[in-house]
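Derivation of every value follows stated rules applied to the coordinates shown; laboratory data play no part. A quick note: this is a predicted structure, and the numbers were derived from the prediction, not measured. No Cβ is skipped: glycine too gets one built from the backbone with ideal geometry, and neighbour counts run over all protein chains shown.
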Amino acid sequence: GELLCIFGRSGSGKTSLLRLCVGLDIPTSGTVRINGIDFNQLTLRDKEKARSQIGFVFAQGALVNNLTIEDNIALPLRYHTNLSEQEVTTVVEEKMSLLGINAVRKSFPPAIGNDLRKRAGLARAIALNPKLIFYDEPLSGLEARSLNVIMGLIRQFTGAGDITNIMTTDSLSVVYALNKKLMILDQGKIVAFGQTNDIKGQLETLT
């Protein structure tokens, strides 16, 4: 039910860490445990079941270019659930409204801007109402309106109390605006962990 912000400069290993956490990359040593279970020891079926409770927001959206925005958001619902098409449509419309992207529902990803692609990527990540959401640089390069929409949703999910949010950023202003639990990553190593106000001195040595 908390928000953990992972701060690090470009190349510090933030994206690699998130990819390891969700099993997109396999660690050469050590383990990844989610709810006490070694994620990489699960069978493919159990791993897919576990992933249905995990949302992942890719830095560039990672949308499927030959699918419309609404079909991109519907993808996890069609893959992981037995919902009818009408039920899928209802969920997709709810998530598009939440992100303010109804106007581009029939558009293809290459035809819309970075801000809208990022919003659509978040809509897809939350389509299954996951309990754990990973965000890879979700606020990077956004215009003010999109930044406020996504920041507001992250705060809303954190306030809900049953969703765990883990996001990466290289922006000090984002870290201070969120002012939550913080991990500092440098050259692939965790160099500090705690509440933002308690470790902000170490933050400033890296910038």
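Worth pointing out:
- Estimated 222 nm signal from helices in the chain, with DSSP H stretches of n ≥ 4 weighted -39500 (n - 2.57), rounded to 500: -13000 deg cm²/dmol
- Most mobile of 49, 181, 131 in a GNM of the chain (Cα contacts under 10 Å): 49
- Pair residue 24, residue 97: separation of 7 Å Cα→Cβ label points (nm): 3.0
- Taking GluC sites (Glu not before Pro) in DSSP loop states with no more than 15 other Cβ atoms inside 10 Å as exposed sites, the chain has its longest site-free stretch at 3-142.
- Placing a pseudo-label 7 Å from each Cα along the Cα-to-Cβ vector at residue 80 and residue 37 gives an inter-label distance of 1.3 nm.
- Rounded to the nearest 10 degrees, the inclination of helix 144-160 to the longest alpha-carbon principal axis of the chain is 80 degrees.
- Model label zone, residue 49; criterion: amide N under 19 Å from point 7 Å along Cα-to-beta-carbon; scope the stretch 117-143: 128-132
- Length-normalised contact order for the stretch 40-120 - Cα pairs under 8 Å, 6+ apart - percent: 40
- A cut-off of 5 Å between modelled amide H atoms, ignoring neighbours fewer than 5 places along the same chain, links residue 34 with 39.
- Prolate is the label for the stretch 99-207. Its Cα gyration tensor axes, ordered a ≥ b ≥ c, give a/c of at least 1.5 and a/b above b/c.
- Recomputing mean projected area of the Cα convex hull in nm² from the coordinates shown identifies the correct label among (i) 14.4; (ii) 11.9; (iii) 13.4 as (ii).
- When its C-alpha radius of gyration is set against 2.2 N^0.38 Å (N residues), the stretch 36-126 gives a value of 1.14.
- For the chain: relative contact order, % (alpha-carbon pairs under 8 angstrom, 6 or more apart): 33
- Shown here for the stretch 53-117: trypsin sites (Lys or Arg not before Pro) in loop regions (DSSP other than H, G, I, E, B) with at most 14 other Cβ atoms within 10 Å, namely 106.
- Of 57, 191, 91, the one that fluctuates the most in a GNM where the chain has Cα springs shorter than 10 Å: 191
- Taking amide H as placed 1.01 Å from N in the peptide plane, the amide H of residue 164 sits under 5 Å from that of 132, 133, each at least 5 places away or on another chain.
- Between residue 65 and residue 172, the contour length at 0.36 nm per residue exceeds the alpha carbon distance by 35.3 nm.
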